[in-house]
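K.L.:
Mind having a look at this structure? Questions to follow.
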Amino acid sequence: MDFALSEQQQSIRDAIERICARFGDGYWLERDREGGFPQEFHAALAADGWLGICMPEAYGGAGLGVSEAAIMMQTIAASGAGLSGASAVHMNIFGLNPVVVFGSEEQKRRMLPPIATGREKACFAVTEPNVGLDTSRLQTRAVRKGDHYVVSGAKTWISTAQIADKMLILTRSTPIEQAAKPTQGLTLFYAAFDRRFIEVREIDKMGRKAVDSNQVFIDGLEVPVEDRIGEEGRGFEYILHGMNPERILIASEAVGLGRAALRRATEYAKERVVFGRPIGQNQAIQHPLAQCWMELEAAHLMVMSAAWQYDTGRPSGPAANAAKYLAGEAGFKACQTAVMTHGGYGYAKEFHVERYLREVMIPRITPITPHLILCFIAERVLGLPKSY
Ligand SMILES: Cc1cc2nc3c(=O)[nH]c(=O)nc-3n(C[C@H](O)[C@H](O)[C@H](O)COP(=O)(O)OP(=O)(O)OC[C@H]3O[C@@H](n4cnc5c(N)ncnc54)[C@H](O)[C@@H]3O)c2cc1C
């Protein structure tokens, strides 16, 4: 067993750190205040070929694994770019996995290179306002009309829909009452984001203003059959395939952001003098920081173990879910502790940790909440009866 980063993994970390160093705290603070997609950051990663890190080489990617992508995403978040930086590229990194695995050769050649090079941006449209985590109940309809489908419905929380050129969208093509199981009769498309048939309303949210999330209303969007991924009715299965890597990546982002918070808190604890000594000399300040370090390390090991399981073709569901849970909680605790370590200044934007605390809620909630992960582990790992 070898826990060390390989030479290649270390060089990925170094290269990403060098790019991130060009986008300092001031850049992310301004993005957080003003909003606006971090185009320059996205372009810098694209220019050096990082967006296609785990896409196959044949389609313009680097052909590396989820382990390497997890290192990349953690490094971005840990630089202080946080979720503003990570979410700006997250979809590029693994979002199109269903196309890689289930797409035809023609689709891969057409769809993957523009994403790998950063020429196009895509959003991922699953969540719906009336459905929540019970994805099989989604109501967006796709009706086949000859050589195309007509898609209508509403999605919510769709990140980057303001700027997306394409959309990976899960729809219902067979009414649920006619499907053999609720998870059947769902169809996946990689469609052009044709704004003549799509209305996008940005959600005013708690953090990560730079990367928009939106309500999306689709009315009569025509999607050619060539843009359907895999077979009609099997979309849920295809989406499931990408879920474990997505959990691993977002978990790694949470660890990165937690580390950024811990770094700031530790520096502050060394410098801030109250009652004639640095606040970091007090155990009440030291011990929570030490706890955060340990919990972030443990979460990181779980992330890398899950990534290794995925990359080596082992079943990675329990580890990916556990990594997402542990990293979300450890990241949150580190960000909250960082605010408390700063005292009143922790509440001031110029110290950055309040932004981290707002952003770390994202990997806690998405793409699946801690409650549902606990349900998954209870049911699938421990064999307890399904509770819902
Ligand atoms: C910033 C942000 C960006 C996002 N980006 C995207 C995106 O790009 N694309 C996309 O498709 N979605 C996106 N989402 C949506 C996200 O994946 C969902 O919000 C998340 O999956 C939770 O679904 P919900 O909000 O509908 O919660 P609900 O399903 O309404 O659940 C509400 C609460 O009830 C709990 N709950 C529900 N059922 C049970 C149960 N049986 N047992 C215990 N607890 C239960 C949940 O855990 C949760 O705490 C984003 C969300 C956010 C906040």
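K.L.:
Of these, ILE163, ILE176, which one is among the β-branched types (Val, Ile, Thr), touching a Pro at 6+ places or on another chain (Cβ under 7 Å) and more than 10 Å from the ligand (Cβ to nearest atom)? Quick ask: steps written out before the conclusion?
P.N.:
On the way: ILE163 fails: touching a Pro at 6+ places or on another chain (Cβ under 7 Å).
Unique residue meeting the criteria: ILE176.
K.L.:
Check every one of the helices (runs of 4 or more DSSP H) wholly within segment 35-97 and list those with 3 or more residues that are closer than 19 Å to MET361 by Cβ and in contact with a Phe, Trp or Tyr (Cβ under 9 Å, 6 or more places away or on another chain).
P.N.:
It comes to 82-94.
K.L.:
When you scan segment 357-374, do you find a residue that is touching a residue at least 12 places away in the same chain (Cβ under 8 Å) and more than 13 Å from the ligand (Cβ to nearest atom), even just one?
P.N.:
yes
K.L.:
If I ask for residues that are open to solvent by less than 10 Å² (accessible area, probe 1.4 Å), aliphatic (A, V, I, L, M) and either more than 18 Å from ASN214 (Cα to Cα) or away from the ligand (no atom under 16 Å from the Cβ) (or both), which ones from segment 87-111 would you list?
P.N.:
ILE93, LEU96, VAL99, MET111
K.L.:
Which residues, taken from segment 338-366, are open to solvent by less than 50 Å² (accessible area, probe 1.4 Å) and of a type outside the set (A, V, I, L, M, F, W, C)?
P.N.:
THR341, HIS342, GLY343, GLY346, HIS352, GLU354, ARG355, TYR356, ARG358, GLU359, PRO363 - these are the residues of segment 338-366 that are open to solvent by less than 50 Å² (accessible area, probe 1.4 Å) and of a type outside the set (A, V, I, L, M, F, W, C).
K.L.:
What tally of residues in segment 153-177 results from selecting those that are part of a loop (DSSP other than H, G, I, E, B), farther than 24 Å from LEU112 by Cα and in contact with a Lys or Arg (Cβ under 8 Å, 6 or more places away or on another chain)?
P.N.:
Start the filter on segment 153-177 by keeping residues that are part of a loop (DSSP other than H, G, I, E, B), which leaves 160-165, 173-175.
Then keep just the ones that are farther than 24 Å from LEU112 by Cα; that gives 173-175.
In the following step, the residues that additionally are in contact with a Lys or Arg (Cβ under 8 Å, 6 or more places away or on another chain) were identified as 173.
Total meeting the criteria: 1.
K.L.:
Moving on. On the basis of being within 15 Å of the ligand (Cβ to nearest atom) and among the small types (Gly, Ala, Ser), does ALA210 make the cut? It would help to see each step written out before you state the result.
P.N.:
Details: within 15 Å of the ligand (Cβ to nearest atom): yes; among the small types (Gly, Ala, Ser): yes.
Against the criterion (within 15 Å of the ligand (Cβ to nearest atom) and among the small types (Gly, Ala, Ser)), ALA210 qualifies.
K.L.:
Of the residues in segment 122-168, how many are in contact with a helix residue (DSSP H, G or I) (Cβ under 8 Å, 6 or more places away or on another chain) and of a type in the set (Phe, Trp, Tyr)?
P.N.:
2
Results for (1) over 20 Å from GLN139 (Cα atoms); (2) under 23 Å from the mean Cα position of the chain (by Cα), shown as yes or no for each residue.
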{"position": "GLN215", "(1), (2)": "no, yes"}
{"position": "VAL223", "(1), (2)": "no, no"}
{"position": "GLU232", "(1), (2)": "no, no"}
{"position": "PRO245", "(1), (2)": "yes, yes"}
{"position": "LEU249", "(1), (2)": "yes, yes"}
{"position": "ALA254", "(1), (2)": "yes, yes"}
{"position": "LEU257", "(1), (2)": "yes, yes"}
{"position": "ARG264", "(1), (2)": "yes, no"}
{"position": "GLU267", "(1), (2)": "yes, no"}
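K.L.:
Still on this structure, I have one more. Considering only residues of segment 112-152 that are out of contact with any Pro (no Cβ under 6 Å at 6 or more places or on another chain) and part of a helix (DSSP H, G or I), which is farthest from the ligand (Cβ to nearest atom)? Steps first, please.
P.N.:
Applying the first criterion (out of contact with any Pro (no Cβ under 6 Å at 6 or more places or on another chain)) to segment 112-152 yields 112-119, 121-135, 137-147, 149-152.
Of the ones still in play, those that are also part of a helix (DSSP H, G or I) are 112-116, 135, 137.
On the way: LEU112: 19, PRO113: 22, PRO114: 19, ILE115: 15, ALA116: 19, THR135: 9, ARG137: 10 Å.
For segment 112-152, the residue satisfying everything is PRO113.
K.L.:
Any idea how many residues of segment 246-285 are touching a residue at least 24 places away in the same chain (Cβ under 8 Å) and of a type in the set (Asp, Glu)?
P.N.:
2
K.L.:
Ok, one more. What's the number of the condition TRP293 fails, among (1) of a type outside the set (A, V, I, L, M); (2) open to solvent by less than 70 Å² (accessible area, probe 1.4 Å); (3) closer than 19 Å to PHE3 by Cα?
P.N.:
Going through the list (1) of a type outside the set (A, V, I, L, M); (2) open to solvent by less than 70 Å² (accessible area, probe 1.4 Å); (3) closer than 19 Å to PHE3 by Cα, TRP293 breaks only (2).
K.L.:
Which condition breaks for ARG263 when tested against (1) open to solvent by 10 Å² or more (accessible area, probe 1.4 Å); (2) in contact with a strand residue (DSSP E or B) (Cβ under 9 Å, 6 or more places away or on another chain)?
P.N.:
Every condition holds for ARG263 apart from (2).
The values are calculated or read from the model by the stated rules, or taken from the named source; none is laboratory data. None of these values were measured; they are calculated from a predicted model. No Cβ is skipped: glycine too gets one built from the backbone with ideal geometry, and neighbour counts run over all protein chains shown. Ligands, DNA and RNA are stripped out before the accessible areas are found, and what is left, the full protein with its side chains, is counted by its heavy atoms. Shrake-Rupley method; radii C 1.70, N 1.55, O 1.52, S 1.80 Å.
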